[in-house]
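The values are calculated or read from the model by the stated rules, or taken from the named source; none is laboratory data. Quick caveat, the model's predicted, so the values are computed rather than measured. All Cβ positions, even for glycine, are placed from backbone atoms using ideal geometry, and neighbour counts span all protein chains on display.
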Amino acid sequence: MNMAAHTVAVVAAVLAFVAGPVVAADVEAGKKKAQEVCAACHNLDGVSTIPENPKLAGQYPDYLAKALRDYKSGARKNPIMAGMAQGLSQKDIDDVSAYFASQSAVLATRM
Ligand code: HEC
C-alpha cells in the first residue's frame, strides 16, 4: 500500500468512526431538502462540479451544521448561502448536514 492509499484508508476509517455515532438526524429528510434546494449548486451527492461551490460530500456533519448556522446568523458572510440558510430550520440543518456527511467524499488531485 502506498502512502496516499494508506492516508485515504486512515481518513476513511476516522470519518466512519466520527460520523457514525454522531448522527441522530434524519438522513432521508436531509436528502429531500438537498434535492429541493441544495442540489442545484452542490449536486445531490454533494460533489459539486462547479469550483465556486464547495464539495460537501463526506465533510464532518458538525462542520456543515456550524457553517449553516453561521450563514444564518451572519457570523459567516456570503450573500448566496445567507439566503439559503435563512430558509432552514435547526432540524433542516441537522438533517441536511447528516445527509451530505453520509455521501462519499472525492479526493481531488492536480496533475
Ligand atoms: C445558488 C447556489 C447554492 C445553493 C442553492 C446552495 N449553496 Fe451552499 N454554497 C454555495 C457557495 C457559492 C458557497 C461558498 C460560500 C462561501 O465562500 O462561504 C457555499 C457554501 C456552502 C457551505 C460551506 C462549505 C464549506 O466548506 O465551508 C455549506 C455547508 C453549504 N453551502 C451548504 C448548502 C446547503 C445545505 C444548501 C441547501 C439548503 C446549499 N448550500 C445551497 C452555493 C450554493
Picking from 97, 104, the residue that is more than 10 Å from the ligand (Cβ to nearest atom) and either more than 13 Å from the chain's Cα centre (by Cα) or of a type in the set (S, T, N, Q) (or both) would be 104
Quick count over region 79-111, residues being touching a residue at least 60 places away in the same chain (Cβ under 8 Å) and within 21 Å of residue 52 (Cβ to Cβ), is 5
Residue hits (region 71-94; more than 9 Å from the ligand (Cβ to nearest atom) and of a type in the set (Asp, Glu)) are 94
Residue pairs within 6 Å by beta carbon, gap of at least six or interchain, first lying in region 66-78 and under 13 Å from residue 97 (Cβ atoms), second assigned to a helix (DSSP H, G or I), listed first then second, are 68/85; 68/93; 71/81; 71/82; 71/85; 72/85
- Is it true that residue 4 is modelled with pLDDT under 95 and in contact with a Lys or Arg (Cβ under 8 Å, 6 or more places away or on another chain)? no
